[in-house]
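Notes follow the structure.
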2 protein chains.
Amino acid sequence: MTGPSEEPAWKQRAVERSIRTAKLRAEQRVQRFLDAAQAIITEKGTTDFTVQEVVDRSKQSLRSFYLQFDGKHELLLALFEDALGRSADQIRAAAAGEDEPIDQLRVAVELLFESSRPDPTAQRPLFTDFAPQLLLTHPTEVKVAHAAMLTLFTELMEKVAAAGNLRSGVNPRRAAAMTMQTVMFIAQSSGGEETATRPISAEEVWEFCSRGFAGN
Amino acid sequence: MTGPSEEPAWKQRAVERSIRTAKLRAEQRVQRFLDAAQAIITEKGTTDFTVQEVVDRSKQSLRSFYLQFDGKHELLLALFEDALGRSADQIRAAAAGEDEPIDQLRVAVELLFESSRPDPTAQRPLFTDFAPQLLLTHPTEVKVAHAAMLTLFTELMEKVAAAGNLRSGVNPRRAAAMTMQTVMFIAQSSGGEETATRPISAEEVWEFCSRGFAGN
DNA sequence: ATGTGATTGAGAATAACATTCTCATGTACC
DNA sequence: GGTACATGAGAATGTTATTCTCAATCACAT
């Protein structure tokens with residue numbers, strides 16, 4: 001029984017060094033898969049690529065893919081989280097251009113709405129496209145992926161609260177969560193076509209989230 | 001070139017009769033598939049059954065299945081539409097128990113919320129489970145399936161409007177659509193587990209939809 | 001330099017399904 | 001009874017994800 005505590009220090013250091021370089025290479029490999037997938041998605045404007053396509057494009061091997069990812073879903077999750085994170089950053093920056101907290105939040109809602117619509121000329125994220133599948137198979141991880149965006153909305157909502165513009169009795173974090181979900185999902189479903197009824201607009205969603213429907 | 005208009009009447013009638021009985025049998029067969037699928041779903045508490053399971057269970061054949069349905073998605077759609085329709089009926093009945101339109105709507109929201117949650121002890125519909133996949137692959141049909149529920153919510157919202165409890169400038173139909181979507185989707189995502197934060201409740205969703213978050 | 005053990009690439013094998021096809025059997029109607 | 005159509009049983013196909021095999025490569029201590 002050789003306990004780890006009795007290993008000579010030099011050996012530990014050697015192991016650590018090799019682990020570090022291995023990790024570096026692994027990260028590069030992961031990145032290549034991510035880039036390849038992203039390229040394919042923007043190229044064919046759809047999120048249903050096959051693992052094989054990604055592997056070919058990245059000039060790596062299937063084996064390598066499954067060494068880095070637990071499965072296709074992890075790749076999707078990574079892309080999703082990444083896209084959502086970027087989007088959150090852009091939105092945060094844009095919101096900062098407004099003076100009043102309530103306007104910052106409004107801008108954020110409008111931008112999130114726009115970027116969540118399905119395929120407005122095949123932009124880059126399309127990130128809501130794969131959310132549904134993942135929500136089914138890995139709900140917990142999807143929530144993690146939402147974290148960045150939720151943080152942003154919570155920040156904004158808390159500023160609104162501090163400015164005295166939040167209805168009393170409303171918890172900012174929860175209001176932020178509901179707002180975010182509402183915006184994302186309504187954007188997604190409003191992607192329809194029916195010429196019968198004009199689709200729901202960002203402005204309407206903002207009105208709905210901020211003021212509800214109840215009068216009187 | 002024998003135009004159909006010159007066919008003798010008796011022949012037309014014969015054809016029609018045989019078509020009618022054929023249609024009857026077809027309907028029965030469809031129903032058996034539907035029942036089998038429903039049974040499997042409630043039995044294993046999940047919506048990912050295989051076509052083969054449904055076929056075996058219904059004691060019919062694959063060939064028959066694909067003669068009745070264009071593919072698995074049509075079966076799912078049929079189940080989905082059916083479940084949603086039933087649910088709408090139940091909710092309508094329950095709402096009728098309230099006096100004030102606004103309370104009727106509140107009850108409807110609460111019930112819809114409850115029945116949209118994922119797996120509260122594996123109830124029968126679970127209908128939101130397959131909505132996501134279908135939303136991806138057949139968005140138009142999903143909208144049709146939503147129709148019954150949307151009709152109900154529009155009715156209720158219009159009564160609210162008539163009672164003067166709708167915020168001015170709000171279109172009842174659109175408010176109904178947004179409310180419905182918000183309720184269904186938030187219910188779905190709130191199915192989580194994290195002991196960290198208590199999940200969002202039906203009451204909170206009602207507050208959110210009806211009054212929004214803005215104060216002042 | 002060289003042997004050794006871990007890492008990787010190429011791609012074959014497997015598995016799970018949906019979907020289609022073939023053929024034999026049944027069934028209604030003349 | 002014969003003919004045309006409907007149906008059942010289940011084999012064949014096609015697509016993917018995932019795993020497996022084996023040989024090439026690399027890192028590195030000696």
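The values are calculated or read from the model by the stated rules, or taken from the named source; none is laboratory data. It should be emphasised that the depicted structure is a prediction, and the values quoted were computed from it without experimental measurement. Positions of Cβ are backbone-derived with ideal geometry, glycine not excepted, and every protein chain shown enters the neighbour counts.
Quick notes
Let's see how each residue does on (1) farther than 28 Å from residue B:140 by Cβ; (2) among the polar types (S, T, N, Q); (3) within 16 Å of DNA strand D (Cβ to nearest atom):
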| site | (1), (2), (3) |
| --- | --- |
| B:34 | no, no, yes |
| B:57 | yes, no, yes |
| B:62 | no, no, yes |
| B:65 | no, no, yes |
| B:69 | no, no, yes |
| B:88 | no, no, no |
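- Only one entry of A:100, A:74 meets the criterion of being more than 13 Å from DNA strand D (Cβ to nearest atom) and among the charged types (D, E, K, R), and that entry is A:100.
- Close pairs (7 angstrom Cβ cut-off, 6 or more residues apart or separate chains): among the charged types (D, E, K, R) in segment A:56-68, more than 9 Å from DNA strand D (Cβ to nearest atom) anywhere: A:57/A:36; A:57/A:39; A:57/A:40
- Positions within segment A:24-46 being among the charged types (D, E, K, R) and over 11 Å from residue A:79 (Cα atoms), in sequence order: A:25, A:27, A:29, A:32, A:43, A:44
- Total residues in segment B:47-82, condition more than 21 Å from residue A:133 (Cα to Cα) and part of a helix (DSSP H, G or I): 14
- Annotation note: Cβ proximity below 8 Å between a residue of segment A:199-216 that is more than 7 Å from chain B (Cβ to nearest Cβ) and on the phi < 0 side of the Ramachandran plot and a residue that is among the basic types (Lys, Arg) and crowded, with 20+ Cβ neighbours inside 10 Å (sequence gap 6+ or interchain) occurs for A:206/A:106.
- Selection status of residue A:105, part of a helix (DSSP H, G or I), within 14 Å of chain B (Cβ to nearest Cβ), within 16 Å of DNA strand D (Cβ to nearest atom) and closer than 30 Å to residue A:157 by Cβ: no
- Residues that are surrounded by fewer than 20 Cβ atoms within 10 Å (Cβ to Cβ) and in contact (Cβ under 8 Å) with a residue 60 or more places away in the chain, drawn from segment B:131-154: B:134, B:137, B:138, B:141, B:144, B:148, B:151
- Boolean, residue B:147 is modelled with pLDDT under 90 and farther than 17 Å from residue B:202 by Cα: no
- Filter result for the condition that a residue is among the basic types (Lys, Arg) and modelled with pLDDT of 85 or more, over A:32, A:20, A:25: A:32
- If you go through segment A:129-166 and pick out every residue that is in contact with a Ser or Thr (Cβ under 7 Å, 6 or more places away or on another chain) and not in a helix (DSSP H, G or I), you end up with 2.
- Some residue of segment A:167-180 being touching a strand residue (DSSP E or B) at 6+ places or on another chain (Cβ under 7 Å) and either more than 10 Å from every other protein chain (Cβ to nearest Cβ) or not in a helix (DSSP H, G or I) (or both): yes
- Where residue A:47 falls short, out of the listed (1) surrounded by 14 or more Cβ atoms within 10 Å (Cβ to Cβ); (2) modelled with pLDDT of 90 or more; (3) more than 8 Å from DNA strand D (Cβ to nearest atom): (2)
- The sole residue among B:63, B:92 that is away from DNA strand C (no atom under 16 Å from the Cβ) and among the charged types (D, E, K, R) is B:92.
- If the condition is being among the hydrophobic types (A, V, I, L, M, F, W, C) and touching a Gly at 6+ places or on another chain (Cβ under 9 Å), then segment A:162-174 contributes A:166, A:170.
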